[in-house]
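Accompanying notes for the structure given below.
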Amino acid sequence: MSYSNRQPIKTPITIMVITMFIIAIAVLFFFSVPQTYFDPLYIKLLNRCESCSKAETLAIDDFKKGTYQVVAWGLISPESPTIDVAKILERDYKIKTVFGGCIRQEAMECYDTQMRTMLVSKFGETIYRNAYEQAKKNNP
């Protein structure tokens, strides 16, 4: 048998090392995805909203402190009026828009619903419609 025809010997240790390497890469990828693809404000808020009841309480506490945040769901493109509406809400009402991506989270929905209800009671029922109409006017 010549030297070039030899097959490498696969030992259990080699297989275990390769498997551990692949698992380490998968874990690093899993924990880096939220930081890469989501709004950092969303990640921060998501980590605080452990359940629906806790999220609602958190929204009430944030509202009392003047920390106004609403969640926008779906893919956002630069041409989307959502970006302009978010800028108008932040400029005129100090309401930050947190972009949550396509998959809705129940606790985040609870936070958003509670916060929007309180914001409407403070600023009026037409707050979002006015911001949208102003955004359309700015970008025909």
Working only within the range 102-136, note down all residues that are open to solvent by less than 20 Å² (accessible area, probe 1.4 Å) and out of contact with any Asp or Glu (no Cβ under 8 Å at 6 or more places or on another chain). MET108, ASP112, LEU119, ILE127
Starting from residues that are small (Gly, Ala, Ser) and under 19 Å from LYS137 (Cβ atoms), keep the ones in the range 75-122 and report whichever is modelled with the highest pLDDT. ALA86
How many residues are open to solvent by less than 60 Å² (accessible area, probe 1.4 Å) and under 15 Å from the mean Cα position of the chain (by Cα) when one looks only at the range 56-76? 7
Does PHE31 satisfy being under 17 Å from the mean Cα position of the chain (by Cα) and at pLDDT below 90? yes
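The values are calculated or read from the model by the stated rules, or taken from the named source; none is laboratory data. The structure displayed is predicted, hence computed values, not measured ones. Quick reminder, even Gly has a Cβ in these numbers, built from the backbone with ideal geometry, and neighbours come from all protein chains shown. To get the accessible areas, we keep the full protein, side chains included, count just its heavy atoms, and leave off ligands, DNA and RNA. Shrake-Rupley method; radii C 1.70, N 1.55, O 1.52, S 1.80 Å.
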